[in-house]
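Input: a single structure, listed below in structure tokens.
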């Protein structure tokens, strides 16, 4: 199975401008993401997909493989699909450019379901910390016994009506693996109603009958959207270096 990691890296972020080039520990955020993907023995190549000349320049200076993609794309998935149209692979791994805590174990978990050729899309989850259960910025996921996603939500799901303390809550991590037909279908479909309501693009797959298989990982991440996220990630990476 030939897998390629694609890192969508858009510079024009609204909540944290220029975030993929913001420095963490003296290095641009994109460096942490690229090196994590590159360290996985399961991917044949890593490609940064951007619409920014500045990001392209940073990639050239660091020797990172990169491609310029359309500025009209509405999502990272569209950007991955553009790469998939010119770079052959069995599976395309979406490692988002604002995930500096990415690690090769995430890619390993992500690719496990894809060993089954019938699986078109996979993603990963981790046990939700107490602070994430009611946090709308932490997306929750529930699955069936076979590991297929039933729903993703910013709400607290499942809802513990009787306050039994029994439900297990899982946080969704924004890493995906796709086969090209799934990417092609996603990009040909209009934004779905649940996707629009939750602002979660993966719901477009579910609303159109495309199953998403969800693997579990013990390794949580912090997607960087704010200055506070940036500081939290920097503290974690600093602690990792101290612990080595």
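Rounded to the nearest 500, what is the chain's calculated 222 nm mean residue ellipticity when only DSSP H runs of at least 4 contribute -39500 (n - 2.57) each, over all residues? Before the final figure, lay out each step's value.
Working: 9 runs with 78 residues, N = 244.
Taking each H run of at least 4 residues, the total per residue is -9000 deg cm²/dmol.
Classify the stretch 175-244 from the C-alpha gyration tensor, please: rounded if a/c falls under 1.5, else prolate or oblate depending on whether a/b exceeds b/c. Don't skip to the answer; put the middle values down first.
On the way: a/c = 3.26, a/b = 2.08, b/c = 1.57.
Since a/c reaches 1.5 and a/b is larger than b/c, the shape of the stretch 175-244 is classed as prolate.
Of the listed peptides 156-168, 194-206, 220-232, what is their order by residue-averaged count of other C-beta atoms within 10 Å, with the highest listed first? Mind showing how you got there, number by number?
Working: 156-168: 10.2, 194-206: 18.5, 220-232: 16.6.
The most tightly packed comes first, giving 194-206, 220-232, 156-168.
Report, in whole Å, the centroid distance computed from the Cα atoms of the stretch 12-37 and the stretch 131-205.
25 Å
Sorted by average packing, counted as other Cβ atoms within 10 angstrom per residue and highest first, what order do 131-139, 175-183 take?
Details: 131-139: 15.2, 175-183: 21.9.
Peptide ranking by packing, descending: 175-183, 131-139.
I need the shape label for the stretch 23-92. Rule: rounded when a/c is under 1.5, else prolate if a/b > b/c, else oblate, with a, b, c from the alpha carbon gyration tensor. Walk me through the intermediate numbers first.
Values: a/c = 1.91, a/b = 1.18, b/c = 1.62.
Oblate, because a/c is 1.5 or more while a/b does not exceed b/c.
Values in this text are rule-based calculations from the coordinates and carry no lab data. Because the structure is a prediction, the values reported are computed rather than measured. Glycine gets a Cβ as well: all are built from the backbone with ideal geometry, and neighbour counts include every protein chain shown.
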